[in-house]
Amino acid sequence: MRVEPPPPPTPRPGGGGDGGSPPISGSTRLARPGGGARLWLWAASLGVYAFLYLPLAVVVLFSFNDSVLNAEWVGFTTRWYDRLLHDGDMLQAAANSLLIAMVSSSVATLLGAMAGIAMQRYRPRLLPFLALTPVAMPEILLGVSLLLFFRQVLDLTLGLTSILIAHVTFSIGFVAVIVRSRLAGMDESIFEAARDLGATPWATFRRITLPLILPALAAGFLMAFTLSIDDFVITFFVAGVGVVTLPLQIYSMIKVAVTPEVNAVSTLLMLLTLSVVILAARFAPDTLKAKA
Amino acid sequence: MALLEIRNVTRRFGDFKAVDAVSFSIEAGEFFTLLGPSGCGKTTILRMIAGFDDPDAGVMLLDGQPLTGIPPERRPVHTVFQSYALFPHMTVAGNIAFPLEMAGKSRDEIARRVAETLALVHLEDKGGSYPHELSGGQKQRVALARGLVNRPRLLLLDEPLGALDAKLRVEMQSELITLQREVGITFVFVTHSQQEALALSHRIAVMNRGRIEQLDEPDKLYGLPANRFVADFIGKINLIEVEVAAASKVLLTLKAAGLGEIAAADARPLQPGERGCFALRPEQIRVYGRKESADLKNRFDGSVKELLYLGDVTHYKVVLANGFAIEALMPNAAPGRAKFHEVGDAVTVCWRHDAGIFLRD
């Protein structure tokens, strides 16, 4: 679950009722369709949202199901969550995931911020492509190429380091885009004004640029965090045998069967990702657009 | 010694010469204006003085010291940007304190100077506001205060009134004059508005295509433009194509095709046959009915083609015998003015022999 769609437009209560009313003059919005057309629109929207969210709802529901089988509802329980807390492998995987997410998104924020500032200030032609290619590239391709690079070129033992480098690689572009779009909305002459008024380049960065891009840095960090914590494909290639992350752990569990414990851990992961995305959206309202 | 001296400064962008071997100097305490159409090089000169750009050739001296290689933050020159460039995350007081903090002033001095400067621009009660809470005119004042607070040797103003509405612009013009007189700091003002330049400046450099066409005081620029470009750019003017017919020591006789002879005062040694244009301001022209008498040497018959009544004055366009539409401005409260002339009226336009000037090509 990567993209949060905007909520459906809420119709005005009471709703006018006269079908085919002309658009309100002075308003730039299209007139809302009336009568039958409106009903269809609602049905279609409901269908789309059901398609998107019903499977997730089922996972959440069955994580509280008092049965080993994901077949029918038996009764409410929290024992699957309880079991999670006592599962050593699962806790280790969660700790790994959190550590990787923290470190990789910190590094990606630093590098991505530098890339974003450079993109805005010097308008390079190549840099945006270089920073954004890992974002657009199929994950499986990135995974394979990173694996080859780590093993054949660097001769690196796969593990925490290789996962970290891989996660930084695909996160930089997101941070760069967010920082850049924040700077693009600003009057560029304020940076010249700071220099003009006696600030050295470093003082200009510290007093002007940094405070202004802080929300973008926070949003970029959180975005990189969600990308890292739920990444499966790339991590699968570069993890090696020693280190297991949460998505890898879940995958290895469902190879046997989708147990209620998987539902429980998925619910928790979902909750974490969702709250981080919402937090990021509060820092930078255009973040979601950047991610989509 | 001049405060700022610009000697043969050239700046190229590719094949385009934005500034072409420009030289001028500015004295301390002066209100100096660079005036010209967009793309004439005036902003490039300003950016080079501020340190955001470097000349390809030539020297710039501030207090006799070359400016080359000195970064913007170490030049005693501050800029008021067209967009104001206020720091959006700082209060008004924070913005004004910024240059003082960068200069390492003490906390007490910063507080005192910020308060003084806020009073100077009449914003005593806005110190705690953020830029987005201010009106355009208030932002303008904050930008001015921020540029002035650390007492630069030069204050550069890049079209600072461009973003204000017409009424506010006029108000800010007189405030700028007062402010500059009070603080005694040298202002270098860049504008494309000739009206603004005339109203504010001690001296104006009129620029075109990277060169200075004329550098003079406002009344000289208006009254004695050096060439066609300056005459046309500053104010409204009639430019009549002429040829020198005869030149004595004081009186010049010009021949305008299809119109006849024009008498002008000119002491220059001009040769018959020289071509150029006769430049005449609309307000120098009188418009009379055919029967009214006017004891002036330059009299030409025509008919009113258009008129624009503006309350205090009326603006006439009169077509002369050779088809030239001459523009005239008549004050409506002039003594002895009998009536308005209507469109289509046969009239006589006349002017004193020293009313216009001959500009050689």
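The values are calculated or read from the model by the stated rules, or taken from the named source; none is laboratory data. Note that this is a predicted model, so its numbers are computed, not measured. Here the Cβ is made from the backbone with ideal geometry for all residues, glycine too, and neighbour counts use every protein chain on show. Accessible surface areas use protein heavy atoms only, side chains included; no ligands, DNA or RNA. Shrake-Rupley method; radii C 1.70, N 1.55, O 1.52, S 1.80 Å.
Any chance you could look up the accessible area of B:Val77 with a 1.4 Å probe, heavy atoms only, rounded to 10 Å²?
For B:Val77, solvent-accessible area is about 0 Å².
Among A:Ala184, B:Ala50, B:Ala325, whose Cα sits farthest toward the positive end of the charge dipole of the protein assembly as shown (+1 at Cβ of Lys/Arg, -1 at Cβ of Asp/Glu, about the Cα centre)?
Value computed over the given set: B:Ala325.
Give me a single rounded figure for B:79-91: the average over its residues of other chain Cβ atoms within 10 Å of their Cβ. List each step's numbers first, then the result.
On the way: counts 6, 2, 6, 1, 5, 4, 10, 4, 10, 6, 6, 3, 0.
For this peptide, the per-residue mean of nearby foreign Cβ atoms is 5.
Mind listing P(r) for the stretch A:81-289? All alpha-carbon pairs, 10 Å bins, whole percents.
Over the stretch A:81-289, the share of Cα pairs per 10 Å bin runs 9, 30, 31, 19, 9, 3, 0 percent.
I need two numbers for the protein assembly as shown: Rg to one decimal and Dmax as a whole number, Cα atoms only, in Å.
According to the Cα coordinates of the protein assembly as shown, Rg and Dmax are 36.9, 119 Å.
With +1 on each Lys and Arg Cβ and -1 on each Asp and Glu Cβ, how big is the dipole of chain A about its Cα centre, in debye rounded to the nearest 20?
Details: 20 positive and 17 negative charges, 185 e Å.
For chain A, the charge dipole is close to 880 debye.
Can you give the % of DSSP beta bridges in the stretch B:4-231 that are antiparallel, to the nearest 5? List each step's numbers first, then the result.
Numbers: 19 of 37 bridges.
About 50 percent, rounded to the nearest 5.
Which value, in debye to the nearest 20, gives the size of the charge dipole of chain B about its Cα centre, when Lys and Arg are +1 and Asp and Glu are -1 at the Cβ? Provide the component values of the computation, followed by the final result.
On the way: 43 positive and 45 negative charges, 56 e Å.
It comes to approximately 260 debye.
For the stretch B:4-231, which whole percent of the accessible surface, found with a 1.4 angstrom probe, sits on carbon and sulfur atoms?
Working: 4570 of 9510 Å².
Here carbon and sulfur together make up 48 percent of the probe-accessible area.
Could you order A:Val48, A:Val277, A:Val233 so the one with the most accessible surface comes first? Probe is 1.4 Å.
Numbers: A:Val48 85, A:Val277 10, A:Val233 45 Å².
From most accessible down to least: A:Val48, A:Val233, A:Val277.
I'd like the per residue volume of the convex hull spanned by the Cα atoms of the stretch B:1-111, given in cubic angstrom. Don't jump to the answer; show the numbers that get you there.
Details: hull volume 15.9 nm³, N = 111.
Measuring per residue, one finds 143 Å³ for the Cα hull of the stretch B:1-111.
Taking amide hydrogens as modeled 1.01 Å from N in the peptide plane, which residues meet the under 5 Å criterion relative to B:Thr68, leaving out close sequence neighbours?
For B:Thr68, the qualifying residues are B:Met60.
Which Cα, out of B:Pro272, A:Ala199, B:Thr68, lies furthest along the positive dipole direction of the protein assembly as shown (beta carbon charges, K/R +1, D/E -1)?
B:Pro272
Within chain A, which DSSP H helices have Cα atoms that stretch 24 Å or more along the helix axis and a mean Kyte-Doolittle hydropathy of at least 1.0? Display every interim value, and only then the final one.
Values: long enough: A:35-62 (38 Å, 1.62); A:88-122 (50 Å, 0.96); A:160-184 (35 Å, 1.63); A:210-229 (27 Å, 2.07); A:260-283 (35 Å, 1.59).
The qualifying helices are A:35-62, A:160-184, A:210-229, A:260-283.
Charges on Cβ only, +1 for Lys and Arg, -1 for Asp and Glu, centred on the Cα centroid of the protein assembly as shown; of A:Thr235, A:Ile165, B:Val347, which one is farthest towards the dipole's positive end?
Of the options given, the answer is B:Val347.
Within a Cβ distance under 11 Å of A:Ile117, other residues only, what is the Lys/Arg minus Asp/Glu net charge?
Working: positive: A:Arg121, A:Arg180, A:Arg182; negative: none.
Here the charged neighbours net out to +3.
List the aspartates and glutamates whose Cα lies under 12 Å from the Cα of B:Lys305, skipping any in the same chain that are fewer than 8 positions away.
B:Glu327, B:Glu342, B:Asp345
Compute the relative contact order of chain A as a whole-number percentage, counting only Cα pairs closer than 8 Å that sit 6 or more residues apart in sequence. Working shown, then result.
Numbers: 326 pairs, mean separation 77.9, N = 292.
Answer for chain A is 27 percent.
Rounded to whole Hz and in sequence order, give me ³J(HN,Hα) for the stretch B:223-240 from the Karplus expression 6.51 cos²θ - 1.76 cosθ + 1.60, θ = phi - 60°, writing x for Gly and Pro.
My calculation for the stretch B:223-240 gives x, 10, x, 7, 7, 3, 4, 5, 4, 6, 6, 8, x, 8, 8, 9, 10, 10 Hz in order.
How many square angstrom of accessible surface are buried between A and B, both sides summed, with a 1.4 Å probe and rounding to 100? Intermediate results must be reported in sequence, preceding the final value.
Details: alone 17240 and 17320 Å², together 32790 Å².
The contact between B and A buries close to 1800 Å².
What accessible area per residue comes out for the protein assembly as shown, rounded to a whole number of Å², with a 1.4 Å probe? Please list the in-between numbers first.
On the way: 32790 Å² over 653 residues.
Each residue of the protein assembly as shown exposes 50 Å² on average to a 1.4 Å probe.
Accessible area of the stretch A:81-289 with a 1.4 Å probe: how many percent of it is carbon plus sulfur? Let's see the in-between values first.
On the way: 6920 of 9890 Å².
Answer for the stretch A:81-289: carbon and sulfur cover 70 percent of the accessible area.
Quick one: grab Rg to one decimal and Dmax as a whole number for chain B, Cα atoms only, in Å.
For chain B, the Cα-based Rg and Dmax read 24.9, 78 Å.
Can you show me the helix-derived [θ] at 222 nm for chain B, built from DSSP H runs with n ≥ 4 at -39,500 (n - 2.57) apiece and divided by the number of residues, rounded to the nearest 500. Kindly include the intermediate steps, with their values, before the conclusion.
Values: 8 runs with 84 residues, N = 361.
When only DSSP H runs of four or more count, the value is -7000 deg cm²/dmol.
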